[in-house]
Amino acid sequence: MIKKIGLEYFKSNPDVNGGYHEYLLINDAIKDIKNIDDVIVLINGAIMDDEYEQLNALLINDKRKKIFIATDMYCLDKCSKIASLCDYVLGQFRYLPNEYNWLKNYMYSYVPELFYDEAQNQKIDKIDNILFFGGGLNDGRDATLAKYHAHCDMKCYVKQNDNTDNRIPYDQYCNDAAKYKYHLIIARDLYTKYHWVTPRYVECISMGSIPVVNTMYDADNHFKIPTLFRAQAGLEAKYLMKYCNAPENIEFINNLINDCKVGIKRKQTYLKEIIEGIIKM
């Protein structure tokens, strides 16, 4: 049994944060597992009061193993009572923080790796003088983004507050993002503090674009990000873009990107393998 918390939301709202797309990726990765109905797999989301009561009853009364997949720290915190009733929790902490040691049998999920899509890697002439960014500007991201905006021309799809939001549906977002050669990858302060990784880097590599990665994103270097692609602020990003645009460096950069793709692609089956292992226990 596979269930996405808050799935009803997407029936009347566009998928501007990629949550529904993420659900489809997870579902496609694990739906064909033998005996998948012998376990309950819950994927986090925006939980409503009536849904909480239903899930709480299900988890208490059903004797099957319960697996909670956390893809967002804010949703994890809001769903903490539900997650605490599950036998296994898969998330995007590289190492479980002490503050979250109540999570049972925690493992890294490899959900970000599912965002690699070979079909997005189009051989097109990309816009090479503009830095692309998409995401919310809460929790410190606005200040970090400003450091890059001060030195780089940028194209941004962002939610700043309830009244300022120019994000577009996720499929349209990906189509537009693929046009840009450089993508800014920055993390929220909360994610930085707890070493929680997100799929943004994987999306960029999937599109054949060059990541401009803030030094605080994936500080444990789970993704094995080349040092060359790290840029603390806008001036460093500007120099990186200039270096990568130089004709004599293009082959070297393309080889680096291809190496990154290989490292991500080989981990795309790991979520399925983890759940298969839990079922067999």
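Please list, ordered by chain and number, the residues whose modelled amide H lies under 5 Å from the amide H of VAL158; skip anything fewer than 5 residues away on the same chain.
GLY135, ASN166, ARG167
Work out the length of the dipole vector of the chain about its Cα centre, built from +1 on the beta-carbon of each Lys and Arg and -1 on the beta-carbon of each Asp and Glu, and round it to the nearest 20 debye. Don't skip to the answer; put the middle values down first.
Details: 35 positive and 38 negative charges, 110 e Å.
With only Lys, Arg, Asp and Glu charged at Cβ, the dipole is about 540 debye.
Relative to the present Cα-Cα distance, how much length would full extension add between TYR243 and ALA119 at 0.36 nm per residue of separation? Before the final figure, lay out the partial values.
Working: separation 124, 0.36 × 124 = 44.64 nm, distance 2.73 nm.
So the extension gain works out to 41.9 nm.
Collect residues whose amide H, placed 1.01 Å from N in the peptide plane, falls under 5 Å from the amide H of VAL41; neighbours closer than 5 in sequence don't count.
ILE2, LYS3, ILE67
Of ILE250, ILE127, ILE43, ILE205, how do they rank once you tally other Cβ atoms within 10 Å and put the fewest first?
ILE250, ILE127, ILE43, ILE205
Hand me the chymotrypsin sites (Phe, Trp or Tyr not before Pro) from region 88-141 located in a DSSP loop with no more than 16 other Cβ atoms within 10 Å, in residue order please.
Of the chymotrypsin sites (Phe, Trp or Tyr not before Pro), the ones in loops of region 88-141 whose Cβ has at most 16 other Cβ atoms within 10 Å are TYR95, TRP102.
Dipole of region 229-273, Cα-centred, from +1 at each Lys and Arg C-beta and -1 at each Asp and Glu C-beta, to the nearest 20 debye? Don't skip to the end; give the middle numbers.
Working: 8 positive and 5 negative charges, 54 e Å.
Dipole size: approximately 260 debye.
With N denoting the number of residues in region 118-265, provide Rg(C-alpha) divided by 2.2 N^0.38 Å, to two decimal places.
Working: Rg = 14.5 Å, N = 148, 2.2 N^0.38 = 14.7 Å.
Dividing the Cα Rg of region 118-265 by 2.2 N^0.38 Å gives 0.98.
Calculate the dipole size of region 156-255 relative to its Cα centre from +1 charges on Lys and Arg beta carbons and -1 charges on Asp and Glu beta carbons; express the result in debye to the nearest 20.
Taking the Cα centre of region 156-255 as origin, the dipole is about 140 debye.
Please arrange PHE252, PHE10 by how many other C-beta atoms lie within 10 Å of their C-beta, fewest to most. Don't jump to the answer; show the numbers that get you there.
Details: PHE252 12, PHE10 15.
Least crowded to most crowded, the residues run PHE252, PHE10.
What percentages, rounded to whole numbers, describe P(r) for region 167-243 computed over all alpha carbon pairs with 10 Å bin width beginning at zero?
Taking all Cα pairs of region 167-243, the binned fractions are 19, 50, 31, 1 percent.
Report, as a whole number in µm² per second, the diffusion coefficient that Stokes-Einstein gives for region 10-132 at 10 °C and 1.306 mPa s using the Kirkwood radius over alpha carbon pairs. All intermediate terms of the calculation are to be shown ahead of the outcome.
Numbers: Rh = 16.4 Å.
Reported coefficient: 97 µm²/s.
On a 0 to 90° scale, report how tilted helix 250-265 is relative to the longest principal axis of the chain, with both axes built from alpha carbons and the result rounded to the nearest 10.
Long axis of 250-265 versus the principal axis of the chain: about 0 degrees.
Nearest-5 percent of antiparallel DSSP beta bridges in region 118-265? The partial results should precede the final answer.
Details: 2 of 16 bridges.
In region 118-265, approximately 10 percent of DSSP beta bridges are antiparallel ones.
Using a 7 Å offset from the Cα along the Cα-to-Cβ direction at both ASP153 and ASN254, what is the distance between the two label points in nm, to one decimal?
Going from the ASP153 label point to the ASN254 one covers 2.5 nm.
How large is ³J(HN,Hα), in whole Hz, for each residue of region 66-78 in order, when computed from phi with the Karplus curve 6.51 cos²θ - 1.76 cosθ + 1.60 and θ = phi - 60°, using x for Gly and Pro?
Couplings: 10, 10, 10, 9, 9, 10, 8, 5, 5, 5, 4, 5, 6 Hz.
Determine the calculated [θ] at 222 nm for the chain from helices alone, applying -39500 (n - 2.57) to every DSSP H run no shorter than 4 residues and normalising by the residue count; nearest 500 deg cm²/dmol.
Numbers: 11 runs with 105 residues, N = 281.
Rounded to the nearest 500, it is -11000 deg cm²/dmol.
Putting +1 on Lys and Arg Cβ atoms and -1 on Asp and Glu Cβ atoms, find which of LEU228, GLY45, HIS183 reaches farthest to the positive end of the dipole of the chain.
So the residue furthest toward the plus end is LEU228.
Beyond 28 Å, how much of the Cα-Cα pair distribution for the chain remains, as a whole percent?
On the way: 14639 of 39340 pairs.
So the portion of pairs separated by more than 28 Å is 37 percent.
Read-outs: derived from the displayed coordinates by stated rules, not from any lab. Predicted, not measured: the structure shown is a model, and the values here were computed from it. Because the Cβ atoms are built from the backbone with ideal geometry, glycine has one as well, and the counts that use them run over all protein chains shown.
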